[in-house]
Amino acid sequence: MGTNSRAARALLERARTLHLQTGNLLNWGRLRKKCPSTHSEELRDCIQKTLNEWSSQISPELVREFPDVLECTVSHAVEKINPDEREEMKVSAKLFIVGSNSSSSTRNAVDMACSVLGVAQLDSVIIASPPIEDGVNLSLEHLQPYWEELENLVQSKKIVAIGTSDLDKTQLEQLYQWAQVKPNSNQVNLASCCVMPPDLTAFAKQFDIQLLTHNDPKELLSEASFQEALQESIPDIQAHEWVPLWLLRYSVIVKSRGIIKSKGYILQAKRRGS
């Protein structure tokens with residue numbers, strides 16, 4: 001094992017929390033895989049490359065500090081939005097809850113995205129359906145704690161608009177009737193339905209909810225795939241001790257031209273029992 005891997009392993013053995021951010025993937029250059037076939041493959045590749053790049057640049061000072069929270073990033077790819085250009089950009093994010101049943105994950109993710117991008121506010125955040133046990137249907141009760149936190153973030157002006165993903169007409173209607181801040185969009189996975197369901201389309205039109213399409217898998221990041229990426233990047237680490245809590249994917253688009261200026265991932269993981 002190289003010195004860098006040893007240092008990374010030592011830091012991860014002492015830390016309690018890992019914040020991993022890819023920076024702008026458009027700045028990755030040689031690190032970027034030419035054409036990942038799926039979102040899951042792209043994400044796993046990003047996690048491994050970020051860990052590799054970070055471990056190659058660990059300073060002796062960091063090893064002496066043994067921080068509780070590790071900030072793992074591709075430093076040359078980090079890119080904040082120029083404040084003078086902020087009005088010209090649309091900053092969107094999709095939040096995936098992975099291994100956390102805490103609604104505070106929502107606030108942590110949004111705060112971190114704002115900090116990474118150097119902005120005070122995100123223009124839109126879509127929340128993917130939170131994980132539920134096999135055989136259980138998603139209900140309003142599953143969504144409520146996360147939606148309440150999103151509403152708080154809208155009220156405190158950290159987010160402009162909030163949306164959902166993969167809700168059918170009944171689920172969307174229940175959320176709409178209960179929510180104080182109404183969903184302004186709902187993503188539909190076209191892999192599961194080639195045509196928008198007519199009842200969903202009619203409801204969305206009546207209440208001015210934008211229907212969008214996506215092709216994310218049901219589980220973009222599993223605990224096992226994160227641990228495998230960790231193990232491959234840093235050999236001999238106790239990867240099973242680490243659990244991803246949430247993942248946020250962001251994009252920055254130039255409004256007038258529809259061009260993607262920046263996109264990337266931010267992830268938070270915790271060591272079990274910490």
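The values are calculated or read from the model by the stated rules, or taken from the named source; none is laboratory data. All figures in this text were calculated on a predicted structure; none of them were measured in a lab. A quick note on method: Cβ atoms are made from the backbone with ideal geometry, for glycine too, and the neighbour counts reach across all protein chains shown. Note: areas computed on protein heavy atoms with side chains; ligands, DNA, RNA excluded. Shrake-Rupley method; radii C 1.70, N 1.55, O 1.52, S 1.80 Å.
List of remarks:
- Cα Rg, Dmax (largest Cα-Cα span) when computed across segment 119-240, Å: 17.0, 56
- Listed by chain and number, the lysines placed with their C-alpha closer than 17 angstrom to that of K49 are K33, K34, K263; residues fewer than eight positions away on the same chain are left out.
- Spin-label model distance (nm) - H76 vs Q57, 7 Å beyond Cα toward Cβ: 0.8 nm
- In range of the label at E88: residues from segment 249-274 whose backbone nitrogen is under 15 Å from the point 7 Å along Cα→Cβ: 252-262
- Globularity index of the chain is 1.03 (Cα radius of gyration / 2.2 N^0.38 Å, N = number of residues).
- Full-extension gain in nm, A10 to Q121, via 0.36 nm per residue minus C-alpha separation: 36.4 nm
- Fraction of accessible area attributable to carbon and sulfur, the chain (%, probe 1.4 Å): 48 percent
- Taken along the Cα-to-beta-carbon direction at a fixed 7 Å, the label points for Q180 and T201 span 3.6 nm.
- Over 24 Å between alpha carbons, listed pairs K158/K261; K90/K158; K80/K270; K158/K218; K169/K261; K157/K218: K80/K270; K158/K218; K169/K261; K157/K218
- Computed over segment 14-125, the convex hull of the alpha-carbon atoms projects to a mean area of 8.7 nm².
- Considering only A224, L267, Q177, and ranking their Cα positions along the charge dipole of the chain that arises from unit charges at the beta-carbon of Lys, Arg, Asp and Glu, the one farthest toward the positive end is L267.
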